[in-house]
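*Asks:* Before I ask anything, here is the structure I am working with.
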Amino acid sequence: MKILLTGGAGYIGSHTAVELLNSGHEVIIADNYSNSKPEIIDKIREITGKRIKAYEADCCEYNQMKQLLSNEKIDAVIHFAGYKAVGESVEKPLKYYRNNLDSAITMIELIKEFNITNFVFSSSATVYGDSAPPCDETMNTGCTNPYGWTKYMIEQIVRDVSVAWPEFSGVLLRYFNPIGAHKSGLIGEKNNGIPNNLMPYITKVASGELEKLSVFGCDYPTPDGTGVRDYIHVVDLAKGHVKAIEYAADNKGAEVINLGTGRGYSVLEIIKAFEKVNEININYKIVERRPGDIAEMCADARKAKRVLDWEAKESLEDMCKDSWRWEQNC
Ligand code: WQD
């Protein structure tokens, strides 16, 4: 299939482009480079040895995207484009509602116009709010920040469109905590400024760019008191997208699927695993809890195995090793 990746130069999008190309699909990327760089496209070419076309385009711009879809005969769309910083979404909610909802609605309007029936949406486990783990797709959802609410609302839009347009196939992928990088060290998570997320912060401490990691709380009801999350290797996540878009092509309706490992690790476990596999000491201090954090989040990953015949394969050691290799190369 010829697949359009909106936001395809980003962290998850670029890794998905690699896996789609490796699986024999053709990939077109549309990205406004607001949170990524055009050089990523060359890295994807270097990794795969495949041709890939990229357009600098903003998914909120109907005419820009209409022109692209007129130029390219697209069979399916994976919609990654959107802002994703939880903290920023609390400070600037309208920026997030405008951009994330506008880009998604514009893309869905256009795929209807061009009769592109296969759609995958980059959603997030954040829609589970503070539901007790393991989270399965039938559980109630509810968000604790505007970023999460934009994901929740777009999921609902996709469900409603699938009712009004019977030929439409929409897969909603709820990511848990993606970390790691492609083993080539050529692509990975690029942060502008100080990282909010755990692993990019750890790798900056390992490189000496940052002095010490703050561990946000050690009084949670978890085995060692620190927050537990379901960390998933970004390459596993990317492979899940290949399965999802192929599933969309063979099915109709809206389908919600978790992409996680089903195994949670605490902050201290991540630190220890990183130190062990990379033979590096990570300087850290325990501080107060971060507002809005929950104690534990973990996937029930069985539906992805049942429906997509997909499961995460990379280990925590792989995630730590690949994260560090990327930090040293980027
Ligand atoms: C993980 C754990 C922190 C940084 C967020 C978004 C979510 C998704 C993934 C987009 C927690 C602890 C972190 C640090 C720390 N993004 N931590 N010190 O908050 O689970 O999820 O990113 O879809 O939507 O909410 O990820 O990496 O920020 O935190 O102790 O400097 O690490 O308290 O327990 P989070 P995270």
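*Asks:* Leu5 passes all but one of (1) closer than 20 Å to Phe119 by Cβ; (2) surrounded by fewer than 18 Cβ atoms within 10 Å (Cβ to Cβ); which number fails?
*Replies:* So the condition that Leu5 fails would be (2).
*Asks:* A follow-up question, please. Please verify whether the stretch 156-168 includes one or more residues that are within 13 Å of the ligand (Cβ to nearest atom) and either open to solvent by less than 20 Å² (accessible area, probe 1.4 Å) or under 17 Å from the mean Cα position of the chain (by Cα) (or both).
*Replies:* No: zero hits.
*Asks:* Can you tell me which residue in the stretch 207-223 is least open to solvent (accessible area, probe 1.4 Å), limited to those that are in contact with a Ser or Thr (Cβ under 9 Å, 6 or more places away or on another chain) and not in a loop (DSSP other than H, G, I, E, B)?
*Replies:* Val215
*Asks:* Listed residues Thr226, Thr203; which is assigned to a helix (DSSP H, G or I), open to solvent by less than 10 Å² (accessible area, probe 1.4 Å) and over 30 Å from Asn115 (Cα atoms)?
*Replies:* Residue meeting the stated conditions: Thr203.
*Asks:* Do we find that Gly82 is assigned to a helix (DSSP H, G or I), closer than 20 Å to Pro146 by Cα, in contact (Cβ under 8 Å) with a residue 12 or more places away in the chain and open to solvent by 20 Å² or more (accessible area, probe 1.4 Å) in this structure?
*Replies:* no
*Asks:* While we're here: Kindly evaluate Ile232 against the criterion of being in a loop (DSSP other than H, G, I, E, B), among the aliphatic types (A, V, I, L, M), surrounded by 15 or more Cβ atoms within 10 Å (Cβ to Cβ) and on the phi < 0 side of the Ramachandran plot.
*Replies:* no
*Asks:* Scan the stretch 269-293 for residues that are crowded, with 19+ Cβ neighbours inside 10 Å and either closer than 17 Å to Glu211 by Cα or more than 15 Å from the ligand (Cβ to nearest atom) (or both) and report the count.
*Replies:* Selection size over the stretch 269-293: 3.
*Asks:* Suppose we filter Ile44, Ile29, Ile12 for residues that are surrounded by 18 or more Cβ atoms within 10 Å (Cβ to Cβ), within 15 Å of Glu72 (Cβ to Cβ) and of a type in the set (A, V, I, L, M); which single one remains?
*Replies:* Ile29
*Asks:* Then there is this: Residue by residue through the stretch 204-245, note down the ones that are hydroxyl-bearing (Ser, Thr, Tyr) and within 14 Å of the ligand (Cβ to nearest atom).
*Replies:* Ser214, Tyr220, Thr222, Thr226, Tyr231
*Asks:* Select from the stretch 314-330 the residues that are of a type in the set (A, V, I, L, M, F, W, C) and in a helix (DSSP H, G or I) and list them in ascending order.
*Replies:* Result: Leu316, Met319, Cys320, Trp324, Trp326.
*Asks:* Go through the residues of the stretch 171-194 one by one and say whether even a single one is under 21 Å from the mean Cα position of the chain (by Cα), within 11 Å of the ligand (Cβ to nearest atom) and surrounded by fewer than 20 Cβ atoms within 10 Å (Cβ to Cβ).
*Replies:* Looking through the stretch 171-194, at least one residue is under 21 Å from the mean Cα position of the chain (by Cα), within 11 Å of the ligand (Cβ to nearest atom) and surrounded by fewer than 20 Cβ atoms within 10 Å (Cβ to Cβ).
*Asks:* Here is a list of conditions, (1) surrounded by 21 or more Cβ atoms within 10 Å (Cβ to Cβ); (2) within 20 Å of Tyr128 (Cβ to Cβ); (3) within 14 Å of the ligand (Cβ to nearest atom), and Ile257 meets all of them except one; can you say which number that is?
*Replies:* Single failed check for Ile257: (3).
*Asks:* If Ser266 satisfies every condition in (1) over 16 Å from Lys313 (Cβ atoms); (2) open to solvent by less than 50 Å² (accessible area, probe 1.4 Å); (3) within 19 Å of the chain's Cα centre (by Cα) but one, which is the exception?
*Replies:* (3)
*Asks:* I need every pair where a residue in the stretch 291-308 that is farther than 20 Å from Pro221 by Cα has its Cβ under 8 Å from the Cβ of a residue that is of a type in the set (A, V, I, L, M, F, W, C) and open to solvent by 20 Å² or more (accessible area, probe 1.4 Å), sequence separation at least 6 or different chains.
*Replies:* Ala301/Ala312
*Asks:* Could you figure out which of (1) within 13 Å of the ligand (Cβ to nearest atom); (2) at pLDDT below 95; (3) open to solvent by 30 Å² or more (accessible area, probe 1.4 Å) isn't true of Asn140?
*Replies:* Failing condition for Asn140: (1).
The values are calculated or read from the model by the stated rules, or taken from the named source; none is laboratory data. Quick caveat: nothing in here was measured; it's all calculated off a predicted structure. With ideal geometry, Cβ positions are generated from the backbone for all residues, glycine too; neighbour counts draw on all protein chains shown. To get the accessible areas, we keep the full protein, side chains included, count just its heavy atoms, and leave off ligands, DNA and RNA. Shrake-Rupley method; radii C 1.70, N 1.55, O 1.52, S 1.80 Å.
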